[in-house]
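The values are calculated or read from the model by the stated rules, or taken from the named source; none is laboratory data. These numbers were taken from a predicted model, which means no experiment stands behind them. Don't worry about glycine lacking a Cβ; one is built from the backbone with ideal geometry, like all the others, and counts go over all protein chains shown. Areas reflect the complete protein model, heavy atoms only, side chains present, ligands, DNA and RNA absent. Shrake-Rupley method; radii C 1.70, N 1.55, O 1.52, S 1.80 Å.
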Amino acid sequence: MQPSSESPVSTLLAAPAALIYQQFVLALVAQQQVMALINSQQQWAWSGTGTQQALALWQHPSFIKPVIGYWPNYRVFPISLEELIYKIIPVLAREQKYLSLNLAADGQHVVVQPKQLLTDLKNYLYELERLQPQQFRTAGLPKARKIRLHD
């Protein structure tokens, strides 16, 4: 068997949307942060999803490299898990915006509603706390019961 010449990033981005989404959630919790792009006026990089705008987020800076040229005056900006859960997702949900996850140079990405991501994060955090309580406490992850799904 020949070794693959594809990078892990291109391999993941070629995967079905459900797998990309699952990997994004797992990476977000494991790293306790995601990446966004921001400019000097503190404006986020947005992605179009037809009639809606979506905040572009990536699970790792290496995922941004192929698309950074589309936003020449932007820089990589880490967003903590807690900031995403408690500040950004509620605002996006109120404004009826979406999230664009792991936008690739070919335009492929996973679009998700903020409350769906919040629900999935809450469920995953609950499972981690239940199944691996010591590791959960050591990591300092947000407690699922403190995450509010409704305003």
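Just to be sure I understand, how many residues within segment 92-105 are out of contact with any Pro (no Cβ under 8 Å at 6 or more places or on another chain), surrounded by fewer than 14 Cβ atoms within 10 Å (Cβ to Cβ) and touching a residue at least 12 places away in the same chain (Cβ under 8 Å)?
Selection size over segment 92-105: 2.
The lone criterion from (1) touching a residue at least 12 places away in the same chain (Cβ under 8 Å); (2) open to solvent by less than 50 Å² (accessible area, probe 1.4 Å); (3) in contact with a helix residue (DSSP H, G or I) (Cβ under 7 Å, 6 or more places away or on another chain); (4) part of a helix (DSSP H, G or I) left unmet by Phe136 is number (1). State yes or no: is Ile64 over 14 Å from the mean Cα position of the chain (by Cα), of a type in the set (A, V, I, L, M, F, W, C), on the phi < 0 side of the Ramachandran plot and modelled with pLDDT of 90 or more? No.
Here the helices (runs of 4 or more DSSP H) wholly within segment 9-114 that include at least 2 residues being more than 27 Å from Gln135 (Cβ to Cβ) are 89-94. Of the listed requirements (1) assigned to a helix (DSSP H, G or I); (2) touching a Leu at 6+ places or on another chain (Cβ under 8 Å), Glu127 misses just one: (2).
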